[in-house]
Amino acid sequence: MAGAKEIRTKIASIKNTQKITSAMEMVAAAKMRKAQDRKEATRPYAEKMRNVIGHLAHAHPEYVHTFMKERDVSRVGYIVVSSDRGLCGGLNSNLFRKLVKDIRKQQEAGIQVDFCTIGSKALGFFKRFGGKVRAQASHLGDAPHIEQLIGTVKVMLDAYEQGEIDRIYIAYNGFVNTMTQNPTIEQLVPIAGETEQELKHHWDYIYEPESKEVLDGLLTRYIESLVYQAVVENGACEQSARMVAMKAATDNAGNLIDELQLVYNKARQAAITQEISEIVAGAAAV
Amino acid sequence: MAMTIHVDIVSAEGAIHSGQAEMVYAPGEMGELGIAPRHTPLVTRLKPGDVRVDSGKGEMEHFYVSGGILEVQPHVVTVLADTAIRAKDIDEASALEAKRKAEEALAGQKEDFEYAKAQAELAEAVAQLRAIEKLRKTKS
């Protein structure tokens, strides 16, 4: 039978694919653990920073920084965090779907939308989707550094300060557990509500230099750290989504191989049977 | 026992140090600071330089920070350290870079990519050199 050889090559090629997917699964599992550690490591900084900002805001109730002031919204900015690479299941498309829904809602309310993308998948998406991309950062690698994000965040914050956009949101995948990623859209600027926490003590600080300048630097860094956190968390999501997707691919390849093996055995058996019956028929004819 | 104060040094990418100290030295923007326990509450920006923590056991621990913010509360000193060298022109350059990248990627052009990239890198390197030079001056 002609099919046997073809089936054999097909099985071999699927086996190769399976090797690749199972290797990717293991790599993703290892990277995921590191990404989760990285995510944990960002926590103390943001917490400490929130405390200091809380103290400062408490000590200076009369001074409201632009990053804390709500204003009428006519144009909003989204910072969209995505992965750089594909093969991670529905991770990016789930986020984009949620984002598009949100954008439509804004547009229906007559609000215009700008974007800033982190990760090449988001950039590719907005190339197709349309919309003004103000800044982008991509190819951050597995261990992103905050300096890779400073520029992108600054573009958005500058636009906010100059009144070009009135609100900044951040869209990223929140890490729930290995199996679940939660597409999240949060308001980044103006900083919402966090400074109104109850403070048991507060002190009259000495400021060097002026309190406003200190607060300015502090808030910029705080926002950057939030964006960094989102990027790191999205990275953990990417790895876990990839791990799950690759596991599914490996399993599917296994099933496919089993089925093909069965077909191959049948074909081989049929060929043998046919050959025998030909020989027997030939012998009988002699 | 000598009086101690709790010191936390954290950066956006992770906690760097946490422990008790008899004295903390930090490069404040308005001059070098020495913080002993019961220092008055203070918030200041830091210049790039060395943060030294004297744990009182005759050991001095050094931490390099490329800037940041120092907060002193009655019982806690917090250093919010920058991991990147921050200066207005470096920030500006990276902002321009991010903008340019977006425009380029959307337009799909690649012609003077190398040149512009090299230029931005040069600007960044020069700015970093300047920061390092300043750092040296403050040290000597």
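For the stretch A:194-223, filtering for residues that are of a type in the set (Asp, Glu) and either at pLDDT 90 or above or in a loop (DSSP other than H, G, I, E, B) (or both) leaves 3. Pairs linking a residue in the stretch A:176-193 that is at pLDDT below 90 to a residue that is charged (D, E, K, R) and open to solvent by 60 Å² or more (accessible area, probe 1.4 Å), with Cβ atoms under 6 Å and 6 or more positions apart or on different chains, are A:PRO190/A:LYS69; A:PRO190/A:GLU70. Against the test of being within 13 Å of the chain's Cα centre (by Cα) and more than 9 Å from chain A (Cβ to nearest Cβ), the options B:PRO48, B:PRO37 yield a single qualifying residue, B:PRO48.
Out of the stretch A:51-64, which residues are within 26 Å of B:GLU13 (Cα to Cα) and more than 11 Å from chain B (Cβ to nearest Cβ)?
A:GLY54, A:ALA57
Taking (1) among the charged types (D, E, K, R); (2) within 14 Å of another protein chain (Cβ to nearest Cβ); (3) within 27 Å of A:LYS31 (Cα to Cα) in turn, A:LYS212 satisfies each apart from (3).
The values are calculated or read from the model by the stated rules, or taken from the named source; none is laboratory data. Every value quoted in this text rests on a predicted model; they were computed, and no experiment measured them. Backbone-built Cβ (ideal geometry, glycine too); neighbour counts: all protein chains shown. Keep in mind that these areas ignore ligands, DNA and RNA; they rest on the heavy atoms of the full protein, side chains included. Shrake-Rupley method; radii C 1.70, N 1.55, O 1.52, S 1.80 Å.
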